[in-house]
Amino acid sequence: MTYVDTIIQTAVVLGGTLILAVPFGLYMARMISYEIRPLERTLAIVENKFYKLVGIDSNRQMTWKEYLFALLLVDGIVAAIFFIIVSTQNMLPLATPGLENFSIDLAFMQASSFITNTDLQHYIGDQQLSNLSQMVAIIFIMFVAPASAIAVSFAFIRAFIRKNFGLGNFYVDFTRIIITLLLPVAFISSLLLMVLGAPQTLESSLTVNTLEGNEQVITTGPVASLESIKDLGSNGGGFFGSNSAHPYENPNGLSNAYEIFLMLIIPLSLPIAYAKLVGKGRGVSLLIAILIGFGIAFAIALSQVSGPDLLETRFGSFGSIFFNIASIESNTGSANSALAGMSPNAVIALFLGMFVQAIPGAVGTGMMTMIIYVILTLFIVGLMVGKTPEFMSMKISPRDIKLSAIIFLVHPAIILIPTVLAFVTENVQAITEGEITPFTYTEVLYEFTSAAANNGSDYFGASADTPFWNWSTGIVMLLGRFVPLGLMLAIAGSFTLKDRKEVIEPIKTQGPLFISVLVVITFLLTALTFFPFIVIGPFSM
């Protein structure tokens, strides 16, 4: 592929995504502010019947604690259902003969993984899951997890646009997001992926005759429907063990480009919704900062050619880098090549996305994390100019700063502590034949970074199906998901009660100067925290 081809492909995919992010963002802005949506009457009929069926009072506003409790309740129930299904799948319909149930530790790990929107897999989907498990457990939870995060982002944004309004109602947000956003887009995407070559069937396998006259059994199933919500919802778990490198999940260059679009569309739409609700300048500035961060990571990855070993010939070096950067920076975690085939610079770029978690980050959480960086930036700039930090006519309290700092510091803590434990307890040596090298260290650091960032990509795959790795990554994923979400809701609850007066911010939160300062401080904080740990990893490979 020539340089001109790569530039055209990048411009078409990213340009098309940004163009379509505008209507997506404006639609989400209507959902956040409860304004009339297209087909409002029809949608309201469907939603109100569901609210009545499950006993939801759609007019009740929640405090941040009530919102968090509702989130934990729904996610906890769905995770328990997932756990039961994969633990008993060989006794359920559509089970493949000889299929084994998941062990307790693997079932816990995978329930934690999918409910936290991580989708880290210590199993091989096409060999260890029945089609019922793929549809009822995996695909269902792939709607629940992103809807939960997007709902929290809606509540978080509401804190900055209405005084004493409350954060909304989790059950209402959650229902509307699934029914009117994720489900229709995923349905259409499934049809498009089927046209592009992804299979969609209840048959678990097909038997075909090869050119040599032998019979070959090909695993198949509801691949297109899983693939669509996998990418749209920042999920990332693959139907097959080789994930998006498998020709059924990602058949060709067109499907590769379309899946990149799916991974980026919602994360890039939320800043548009934010711009609509709090001011075009602020929202566009955040979007530009996110795109600059994404561009930096992309440039680092492209600075060294990846492969050709362990890369799919359908995509080549550029197609693999583009897909994997879009996936990891959006915390989706899909991969269309083996990570071991990525160059050291590309691996550093992948780490960068998981460390920052906001360029653009996962659906919902990426946008909120960027606003946390805004709060920290205003605090640091306020210290420099000797001024109390304010944001959108509201004072940022010491409590808000402390909560923001905890959100930032939890991430390195739950990465580095289990990384050390893995080496000290020799669980690393047990699955790497005892040899400790920069590559081995990179594999371990990447495993826990991916778990903590709720990303889901990894080097180990099913080889990490041991009690230590299952329990440790499961706990890290739960902490990496629900501790930040809880603290973000606490910050949102604080802002709903603040007095709003015309005050001057330490730095105006829009325009070129703010964008520059935000990007510099975001990357500076990240470098100061993580740089020593990647020096002995990917820098030394």
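No value in this document is a laboratory result; all are computed from the given coordinates. Just so it is clear, the structure is predicted and the values come from calculations on it, not from any experiment. Note that each Cβ is placed from the backbone with ideal geometry, even for glycine, and that neighbours are counted across all protein chains shown.
Of the conditions (1) within 24 Å of LEU497 (Cα to Cα); (2) buried (at least 23 other Cβ atoms within 10 Å of the Cβ); (3) in contact with a helix residue (DSSP H, G or I) (Cβ under 6 Å, 6 or more places away or on another chain), LEU376 fails just one. Which one is it?
(2) is the only condition that LEU376 fails.
Scan region 44-55 and report the pairs whose first residue is in a helix (DSSP H, G or I) and whose second residue is among the small types (Gly, Ala, Ser), with Cβ atoms within less than 8 Å and a gap of 6+ or a chain change.
Once the first residue is in a helix (DSSP H, G or I) and sits in region 44-55, its partners that are among the small types (Gly, Ala, Ser) give GLU47/SER58; ASN48/SER58; TYR51/SER58.
Of all residues in region 204-233, count the ones that are without any contact (Cβ under 8 Å) to a residue 24 or more places away in the chain, in a loop (DSSP other than H, G, I, E, B) and within 14 Å of ASP126 (Cβ to Cβ).
Total satisfying the criteria: 0.
Among MET142, MET194, which is touching a residue at least 12 places away in the same chain (Cβ under 8 Å), of a type outside the set (Val, Ile, Thr), surrounded by fewer than 21 Cβ atoms within 10 Å (Cβ to Cβ) and closer than 27 Å to ILE325 by Cβ?
On the way: MET142 fails: surrounded by fewer than 21 Cβ atoms within 10 Å (Cβ to Cβ).
Residue meeting the stated conditions: MET194.
Among (1) farther than 24 Å from SER269 by Cα; (2) surrounded by fewer than 24 Cβ atoms within 10 Å (Cβ to Cβ); (3) touching a Phe, Trp or Tyr at 6+ places or on another chain (Cβ under 7 Å), there is one condition ARG314 misses while meeting the rest; what is its number?
Failing condition for ARG314: (3).
Can you find even one residue in region 67-76 that is in a loop (DSSP other than H, G, I, E, B) and not small (Gly, Ala, Ser)?
No, region 67-76 contains no residue that is in a loop (DSSP other than H, G, I, E, B) and not small (Gly, Ala, Ser).
Only residues in region 259-273 that are under 23 Å from ALA335 (Cα atoms) count as the first member; pair them with residues that are in a helix (DSSP H, G or I) and charged (D, E, K, R), Cβ under 7 angstrom, at least 6 apart or cross-chain, and list the lot.
What qualifies is GLU259/ASP231; LEU262/ASP231; MET263/ASP231.
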